[in-house]
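What follows is one structure encoded as structure tokens, with my remarks underneath.
The values are calculated or read from the model by the stated rules, or taken from the named source; none is laboratory data. What you see is a predicted model; the values in this text were computed from it and never measured. Cβ placement follows ideal geometry from the backbone for every residue including glycine, while neighbour counts extend to all protein chains displayed. For accessibility, only protein heavy atoms count, side chains too; no ligands or nucleic acids. Shrake-Rupley method; radii C 1.70, N 1.55, O 1.52, S 1.80 Å.
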Amino acid sequence: QVQLVESGGGLVQPGGSLRLSCAISGSIFNIDAMGWYRQAPGKQRELVATITSGGTTTYADSVKGRFTISRDNAKNTVYLQMSSLKLEDTAVYYCKVRQRWVRAIVDDIKDYWGQGTQVTVSL
């Protein structure tokens, strides 16, 4: 089992910054990728950013140039640095970790989610 604990959410004005953290513990092996997702009221959960075990990052178009995902392997923590925040960034942000076991035909995959942290951008 893998446990994820997010922190760093809060209330910020437009144009402000926040840094989210996701501490990972438990059976930490075969971690394939980590990511941040968000869900705004009345909307579906959407991908914000991901980072692979090799360090490759991807971002949603809506956050490119404003958000940065990173990881500290020594601390087993993944971060999301958010800058130039907009009203539409308001959402609950979730951390996700994927474990992958390579098999001959189809890999075994297991995803773990954190409990979420609220980010509110407001005047």
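Things to note:
- Restricting the range 41-61 to residues that are open to solvent by less than 60 Å² (accessible area, probe 1.4 Å), modelled with pLDDT of 95 or more and of a type in the set (S, T, Y), the residue that is nearest to Y94 (Cα to Cα): T50
- Any hit, the range 55-78, residues being more than 16 Å from the chain's Cα centre (by Cα) and over 23 Å from V121 (Cα atoms): yes
- Of the residues examined, I28 is one that is open to solvent by 40 Å² or more (accessible area, probe 1.4 Å), closer than 23 Å to Q99 by Cβ and in contact (Cβ under 8 Å) with a residue 12 or more places away in the chain.
- Candidate set: the range 71-91, residues that are touching a residue at least 60 places away in the same chain (Cβ under 8 Å) and of a type in the set (A, V, I, L, M); chosen: the one most open to solvent (accessible area, probe 1.4 Å): L87
- Checking each residue in the range 92-109 for being in contact (Cβ under 8 Å) with a residue 40 or more places away in the chain, of a type outside the set (A, V, I, L, M, F, W, C) and open to solvent by 40 Å² or more (accessible area, probe 1.4 Å) picks out R98, R100.
- Filter pass, R38 being open to solvent by 70 Å² or more (accessible area, probe 1.4 Å), modelled with pLDDT of 95 or more, among the charged types (D, E, K, R) and closer than 18 Å to Q115 by Cα: no
- D107 being among the acidic types (D, E) and under 15 Å from the mean Cα position of the chain (by Cα): no
- Among (1) assigned to a strand (DSSP E or B); (2) in contact with a helix residue (DSSP H, G or I) (Cβ under 9 Å, 6 or more places away or on another chain) - the single one L20 does not satisfy: (2)
- Test: residue in the range 1-14 that is in contact with a Gly (Cβ under 9 Å, 6 or more places away or on another chain), exposed (fewer than 15 other Cβ atoms within 10 Å of the Cβ) and within 15 Å of V121 (Cβ to Cβ): no
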